[in-house]
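Shown next, in structure tokens, is the structure this report addresses.
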Amino acid sequence: MAFAALTEIRSRLTALSEQGLLRQRRTLESAQGVHVQVDGRALLSFCSNDYLGLASHPALVAAVAQALPEMGVGAGASHLITGHHVAHHAFETRFAEFVGLPEALLFSTGYMANLAVVTALVGRDGEVFGDKLNHASLNDAALLSRAKFSRYAHNDLAALARLMAASTARHKMVLVDAVFSMDGDLADLPALLALCETHDAWLLVDDAHGFGVLGAGGRGSLAHFNLHSPRIIYMVTLGKAAGVSGAIVAAEGDVISWLLQKARTYIYTTATPPILSAALLASLDVIAAADDRRAHLQDLTAQLRSGLLAQGRELLDSATPIQPVIIGSNDATLALSSALLEQGILVPAIRPPTVPVGSARLRITLSAAHTAADVAQLLNAMGNA
Ligand SMILES: *Cc1c(COP(=O)(O)O)cnc(C)c1O
């Protein structure tokens with residue numbers, strides 16, 4: 001008998017391919033870094049979120065090598081059974097101290113951390129508000145919570161204020177990317193916090209792209225704005241600037257205690273390998289002492305922006321290492337990305353549904369491991385393409 005569902009996904013895959021929307025993986029044959037090897041070719045990469053160049057940093061590699069014989073590879077159980085190791089615990093304590101929040105809880109991924117926070121704190125009788133450009137994991141968290149989910153146009157806080165004023169929900173929560181992952185601009189966190197105070201709501205700040213890069217000592221977006229409030233739940237992913245893997249949520253002690261009791265993506269999953277926490281402890285030391293890397297990153301960002309503007313490229317209002325170049329059509333974006341690849345440069349084409357239809361773009365991300373010569377090479381290749 002014909003298997004209709006399988007036939008259907010085959011034809012839908014064909015359709016995606018015809019629309020230039022088929023996603024394909026690139027296989028790295030080297031460690032992550034600004035110089036990578038793909039299909040035997042050495043490429044200059046502008047696509048990782050490894051903003052400080054820590055993914056292959058010797059201090060992190062050495063921390064893992066030293067911890068490995070002592071800790072082994074697998075955690076073997078969830079945190080609430082026997083998977084919680086002293087290395088996880090030490091990292092949680094150090095992280096909370098570093099960002100100046102009372103307590104912290106380590107998660108396996110940022111996706112899971114966002115699901116945890118929203119579902120543990122808001123339910124059917126709640127309402128969740130989210131910026132339209134928020135990361136997919138925040139949207140999925142809102143849906144999974146079964147709360148009413150209201151989205152507002154990007155950074156339109158007047159619209160958010162109207163939605164919050166009209167809400168009769170028992171619990172409210174605003175979800176926001178502190179640095180928007182595809183545009184590179186910042187959320188107005190002080191104004192968002194003020195709205196949360198007026199309307200008695202939680203504020204979940206997803207700082208996947210701010211931690212390590214913004215704020216004194218790389219302490220992130222809350223430090224950048226000098227914000228403190230028991231309403232704030234601060235989520236940082238650890239696979240980006242921190243160079244490792246996982247995510248951590250910092251908040252009031254009682255919020256962390258509640259997550260530990262209720263967060264299903266914390267309770268029903270295996271703890272991360274403790275060697276990763278050893279790497280993260282080393283990463284925090286490097287981040288805290290990386291003012292030179294952050295200054296270099298700012299110089300590279302200024303160099304890239306002025307070079308692209310001189311070529312007449314359409315940029316967004318971003319002061320972060322995320323520098324999108326808006327092209328518009330999917331085909332033109334793919335063509336430009338391929339033209340760069342021919343010149344040995346890797347810049348991904350980002351297309352819908354990751355970004356709104358008609359705003360396909362090259363998403364250039366800079367790393368402190370790039371040199372001014374690397375950026376000049378990219379500008380030159382963009383000029384040729
Ligand atoms: C990458 C990212 C996540 C997901 O984090 P992972 O640890 O990769 O699962 C969540 N939010 C934002 C804004 C991100 O960019």
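General observations
- Any hit, region 98-110, residues being under 30 Å from Ala288 (Cβ atoms), more than 15 Å from the ligand (Cβ to nearest atom) and part of a helix (DSSP H, G or I): yes
- If the condition is being more than 12 Å from the ligand (Cβ to nearest atom) and under 20 Å from Asp254 (Cα atoms), then region 185-221 contributes Leu193, Cys196, Glu197, Asp200, Ala201, Trp202, Leu203.
- Within region 1-40, tally of residues that are of a type in the set (Ser, Thr, Tyr) and in a loop (DSSP other than H, G, I, E, B): 2
- Region 286-300: number of residues that are out of contact with any Pro (no Cβ under 8 Å at 6 or more places or on another chain) and farther than 18 Å from Gly239 by Cβ: 9
- Restricting attention to region 65-92, the residues that are in a helix (DSSP H, G or I) and crowded, with 17+ Cβ neighbours inside 10 Å add up to 8.
- First in region 342-368 and more than 14 Å from Gln323 (Cα to Cα) and in the same structural domain as Lys240 (by TED's automatic domain parsing), second anywhere and not hydroxyl-bearing (Ser, Thr, Tyr) and not in a loop (DSSP other than H, G, I, E, B), Cβ under 7 Å, 6 or more apart: none
- Inter-residue pairs, beta-carbon under 8 Å, first under 14 Å from Ile233 (Cβ atoms) and in region 100-112, second charged (D, E, K, R) and in a strand (DSSP E or B), 6+ apart: Gly110/Asp206
- Search result, residues across region 98-135 that are within 23 Å of Thr270 (Cα to Cα) and either modelled with pLDDT under 95 or of a type in the set (A, V, I, L, M, F, W, C) (or both): Ala104, Leu105, Leu106, Phe107, Met112, Ala113, Leu115, Ala116, Val117, Val118, Ala120, Leu121
- Of all residues making up region 117-126, the number that are farther than 25 Å from Asp183 by Cβ and either buried (at least 24 other Cβ atoms within 10 Å of the Cβ) or of a type in the set (Ser, Thr, Tyr) (or both): 2
- Assessment of region 255-276 against the conditions (modelled with pLDDT of 95 or more, away from the ligand (no atom under 15 Å from the Cβ), in contact with an Asp or Glu (Cβ under 9 Å, 6 or more places away or on another chain) and not assigned by TED's automatic domain parsing to the domain that holds Met112) yields no matching residue.
- Pairs where the first residue, in region 155-184, is touching a residue at least 60 places away in the same chain (Cβ under 8 Å) and the second is within 16 Å of the ligand (Cβ to nearest atom) and charged (D, E, K, R), C-beta under 7 Å, 6+ apart: Met182/Arg363
- Residue within region 298-312 that is among the hydrophobic types (A, V, I, L, M, F, W, C), surrounded by fewer than 16 Cβ atoms within 10 Å (Cβ to Cβ), more than 16 Å from the ligand (Cβ to nearest atom) and in contact (Cβ under 8 Å) with a residue 24 or more places away in the chain present: no
- Any hit, region 290-308, residues being of a type in the set (Val, Ile, Thr), out of contact with any Gly (no Cβ under 9 Å at 6 or more places or on another chain) and not in a helix (DSSP H, G or I): no
- Test: residue in region 54-77 that is touching a Phe, Trp or Tyr at 6+ places or on another chain (Cβ under 7 Å) and either outside the structural domain of Thr237 (by TED's automatic domain parsing) or farther than 16 Å from Ala278 by Cβ (or both): no
- Pairs linking a residue in region 248-273 that is in a loop (DSSP other than H, G, I, E, B) to a residue that is of a type in the set (Lys, Arg), with Cβ atoms under 7 Å and 6 or more positions apart or on different chains, do not occur.
- Members of region 310-347 found to be assigned to a loop (DSSP other than H, G, I, E, B) and either more than 19 Å from Asn49 (Cβ to Cβ) or among the small types (Gly, Ala, Ser) (or both), listed by number: Gln311, Gly312, Arg313, Glu314, Asp317, Ser318, Ala319, Ser329, Gln343, Gly344
The values are calculated or read from the model by the stated rules, or taken from the named source; none is laboratory data. All figures in this text were calculated on a predicted structure; none of them were measured in a lab. Virtual Cβ from ideal backbone geometry, glycine too; neighbours counted across all protein chains shown.
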